[in-house]
Amino acid sequence: VEALGKLGEQGNRLVLDLVFEALQDGESAVRVAALASLALLAQARDAAAMEAATARLLHEDAGTRRAAVKAVLGLTSSGSNSQKATKEHMRKCLDDSDAEVRRSALQ
């Protein structure tokens, strides 16, 4: 998954489809790498990428939630309508049981 993030071009749907598939993996490390790749490969206004990342903010695994916070922040373009939604998502993350998720949400 990390290799896809390094080799793929931003907006490449074929590579993004593989990354979306990796988000469903049972291994935390694979999901974390997929979220990092998603933030690199998806374009800022890619609704499917944002939806996939925000869905992982509620994942049971803290590592996945941490990576999701970073992905959501990375997918939010400045001056866009998504900034308001992102701020709301980050507010909710401030109540997370994991200190690193809370810390990341403050960025």
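Of the residues in the range 26-34, none is at pLDDT below 95, within 12 Å of the chain's Cα centre (by Cα), open to solvent by 30 Å² or more (accessible area, probe 1.4 Å) and not polar (S, T, N, Q). For the range 60-77, what are the residues that are open to solvent by less than 70 Å² (accessible area, probe 1.4 Å) and either at pLDDT 95 or above or of a type in the set (Val, Ile, Thr) (or both)? Hits for the range 60-77 are 61, 62, 63, 64, 65, 67, 68, 69, 72, 76. Against the criterion of being surrounded by fewer than 15 Cβ atoms within 10 Å (Cβ to Cβ) and either modelled with pLDDT under 95 or among the basic types (Lys, Arg) (or both), residue 80 qualifies.
The values are calculated or read from the model by the stated rules, or taken from the named source; none is laboratory data. Nothing here was measured: the structure is a model prediction, and the numbers come from that model. Quick reminder, even Gly has a Cβ in these numbers, built from the backbone with ideal geometry, and neighbours come from all protein chains shown. To get the accessible areas, we keep the full protein, side chains included, count just its heavy atoms, and leave off ligands, DNA and RNA. Shrake-Rupley method; radii C 1.70, N 1.55, O 1.52, S 1.80 Å.
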